[in-house]
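*Asks:* One structure, pasted below without further comment.
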Amino acid sequence: MSEEKKELITTEDAIEGRREFLKNVCLTGATALVAGPASVSAAVEAASADADTTVAEFFQGHFVLMSDVEKEKAIERLEKRYTAKYEKKTTVSNVPAPEDTLFGYALDISKCIGCRRCVHACVDENNQSRNDPEVQWIQVMKIPKGNFAFSADKLEKGYPETSQFGDYGVQVGGNAHTRVGGIGTEEAQSHFDDLVTPDNDHFYVPVQCQQCEKPPCVKACPVRATFRDSAGVVLIDYNWCIGCRMCQLACPYQARRFNWGEPNLPKEEMNPHTHYFGNRPRMRGVMEKCTFCAQRTREGRNPACLEACPVGARKFGNLLDPESEVRKILATKRVFRFKEEFGTYPKFFYYVG
Amino acid sequence: MHSLITPTKFAVLALCGLLAISLGLYKSAESAEQMSAKTQNEPLVTDCYESREGYTTVTRVEGAVPQYGYPNIKCSQKTGAVLWYGDPYEGTVPMGEMPEITDATRGNYANAVVKPREPRLMYFNMGPDGCKTCHDGKTVPAPKNKKPRELAMHQDIVENSMQLMHGRGSLWCLDCHSATDRNKLENRQGVQIGFNQPQRLCGTCHGELYIDWRAGIHGKRTGDWAANGKKRWWVCTECHNPHTVQVNRFNPIKQEAPPALPRGMKNADHERMPHGEH
């Protein structure tokens, strides 16, 4: 046992040593390239803690695989950088996922009124870029309930039409090809802007990360920057992400967002209570998405979108606890999963209450 | 290396660099100007409503959660709705006694808190004695029976008292409001119920919804997600207006802003195109 431990420590030290070396080489190289040999000493003096932190961050490993000491250092670096940048005391938490928990979400589409408060509550909570690029993790779809009218004229006019050779094939009634409602995404609108809501001829379906049990994004990620944690939530190590956007392509729910530019987050609107895998400010060129508010739910509180919903259409809880609201909904209501046919097994359930 | 770069090339490079720097400076200055103008023109909305406009107003207090420097709430600048809670239990009191029901709802209300409704009611707060300031039996005489009649007052709540549609015309004011004590509600057994616990009255008719509400399936609950955690239960009248509920289960409200259009797109008409028969 002790020997193993010793070996581990020495390897870590070696890695740390190599990192230090690489860091120093790169720092000197970079400054030499930019400023030329005459001003090297001046540049080194002027190199702020911020720049140092950035370089150290660049060379840090995957957070999940780090030792506790490395994690502490990484978090210290981030807290220092965010506190300086946003001019307020920022905490980056590393609370682990609660034990014996599988997070699930249920949303009542018969109650949702499409007011988009969840969208903006999420932005307030999770430090997304406010504009240019505007990043929102929830997309509210407005879907027509459909035309429930059948036409008597079409009863005899099915396909295939009777040909000159007689009536061949299986006749289906002409009404078979008329939309009769239901949830389809073909005619969904996401940029709707009405005076008041709800419009009674439409369903409203908010879509965010569905926290799949078999997440295609995790399969697609070439560097394993995105992964499923023990509570079933798919998370991203923003520092390990290389920004290749393979996960965005793989996600059937369009739930992932990419930071095309430097995030535009005003200091006064920044939320200083952050989590490493949750709402800490992101950088340009990384993916982000709904984390079920990791910084809140890992500490026992409900997600921000749930608290903002004025009609109580959103329910969150532990799928392993039969007393939880989500489990009671699964037991008593008519529940469906979005795009079930993809076999992603989402833990985000839509129901009719 | 230096000998390879001719003076002309160097000059061009330097010019390009200068141009890039000046462009960047210009852009940042412009955006800063826009931001400051935006904040100057729009005063911060500090009074906003939770679910029912006019009946659930909360005022923003800075630094209400000193741990993170949070305000108690954040309001929407566009619609004046509460978007975000710093403290989900602000202004709540323990829910207190719930009537025992012998079904399997397994309602867990040991850690339940509610926001009292009485401070939010306009007429209730017009005098020191609540509604009794006028309805004391002398200024406004007590009604003799529960028969519907034309009301001279309170048209802002019920426009035409003869056409009160709750229960599709089978109910009238005094079926829920106590005839003798206007500070109370009253159920069909004559038990007086406070305005803070409307669920005890509504539940006597809407049993199915009441059972769902007790189980946590119907209605809003904020706070902890754990089944036995502390939660704020939202009571019936925080979301529904009992006087107009037949018209709208939930009164229509304004929407928050739609997401920005993709760069270069002028409008979202492509979404509204008819797709024809499928």
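The values are calculated or read from the model by the stated rules, or taken from the named source; none is laboratory data. Not measured: the values here are computed from a predicted model. Every residue, glycine as well, gets a Cβ built from its backbone with ideal geometry; the counts of neighbours run over all protein chains shown. Calculation scope for accessible area: heavy atoms of the full protein, side chains included, ligands and nucleic acids excluded. Shrake-Rupley method; radii C 1.70, N 1.55, O 1.52, S 1.80 Å.
*Asks:* For residue A:278, what charge total do you get from the other residues with a beta carbon under 13 Å from its beta carbon, if Lys and Arg give +1 and Asp and Glu give -1? Write down the numbers at each step before the final one.
*Replies:* Details: positive: A:280, A:282, A:289, A:296, A:298, A:301; negative: A:125, A:229, A:237, A:288, A:299.
Charge balance near residue A:278 sits at +1.
*Asks:* Same structure, new question: Can you give me the distance in nm between label points at residue A:80 and residue A:337, each placed 7 Å from the Cα along the Cα-to-Cβ direction?
*Replies:* My value for the distance between the label points is 4.5 nm.
*Asks:* A follow-up question, please. Taking amide H positions as placed 1.01 Å from N in the peptide plane, with prolines and chain starts having none, which residues 5 or more places from residue A:209, or on another chain, fall under 5 Å of its amide H?
*Replies:* Those lying under 5 Å, H to H, from residue A:209 are A:290.
*Asks:* Next question, about the same structure. Taking the C-alpha atoms of the stretch B:47-87, how large are the radius of gyration and the largest Cα-Cα span, Dmax, in Å?
*Replies:* In order Rg, Dmax, the Cα atoms of the stretch B:47-87 give 10.2, 31 Å.
*Asks:* Sticking with this structure for a sec: Enter the mean projected area of the convex hull around the alpha-carbon atoms of the stretch A:251-353, in nm², rounded to one decimal.
*Replies:* The Cα convex hull of the stretch A:251-353, projected and averaged over all directions, gives 8.5 nm².
*Asks:* For the pair residue A:323/residue A:52, report the inter-label distance in nm, with labels modelled 7 Å from Cα in the Cβ direction.
*Replies:* According to this spin-label approximation, the distance is 5.1 nm.
*Asks:* Could you pull out every residue, at least 5 positions away or on a different chain, whose amide H is within less than 5 Å of the one on residue B:177? Hs are placed 1.01 Å off N in the peptide plane, and Pro or chain starts have none.
*Replies:* Hits under the 5 Å cutoff: B:186.
*Asks:* Among the lysines, select those whose C-alpha is under 22 Å from the C-alpha of residue A:89, and discard any that sit fewer than 8 residues away in the same chain.
*Replies:* A:71, A:73, A:80, A:267, B:74
*Asks:* Could you run the numbers on buried accessible area between B and A, total for both chains, 1.4 angstrom probe, in Å² to the nearest 100?
*Replies:* Details: alone 19790 and 19640 Å², together 34310 Å².
So the buried area, both faces added, is about 5100 Å².
*Asks:* Mind checking which lysines have their Cα closer than 26 Å to the Cα of residue A:333? Skip sequence neighbours fewer than 8 apart in that chain.
*Replies:* Leaving aside lysines fewer than 8 places away in the same chain, those within reach of residue A:333 are A:111, A:142, A:145, A:214, A:315, A:347, B:220, B:230, B:231.
*Asks:* Next question, about the same structure. Straight-line reach from residue B:144: which lysines have a Cα under 26 Å away, not including same-chain ones fewer than 8 places off?
*Replies:* List returned: B:132, B:184.
*Asks:* If you count, for every residue in B:258-264, the Cβ atoms of partner chains within 10 Å of its Cβ, what is the mean?
*Replies:* Working: counts 10, 10, 7, 2, 1, 3, 0.
Per residue, the number of nearby Cβ atoms from other chains is 5 on average.
*Asks:* If you don't mind, another one. Using R₀ = 56 Å, calculate the FRET efficiency as 1/(1 + (r/R₀)^6) where r is the Cβ-Cβ separation of residue B:47 and residue A:153; round to 0.05.
*Replies:* Numbers: r = 57 Å, r/R0 = 1.02.
Efficiency computed from Cβ-Cβ geometry: 0.50.
*Asks:* According to a simple spin-label model (label point 7 Å from Cα along Cα-to-Cβ), what is the distance in nm between residue B:57 and residue B:269?
*Replies:* Result for the modelled spin labels: 4.2 nm.
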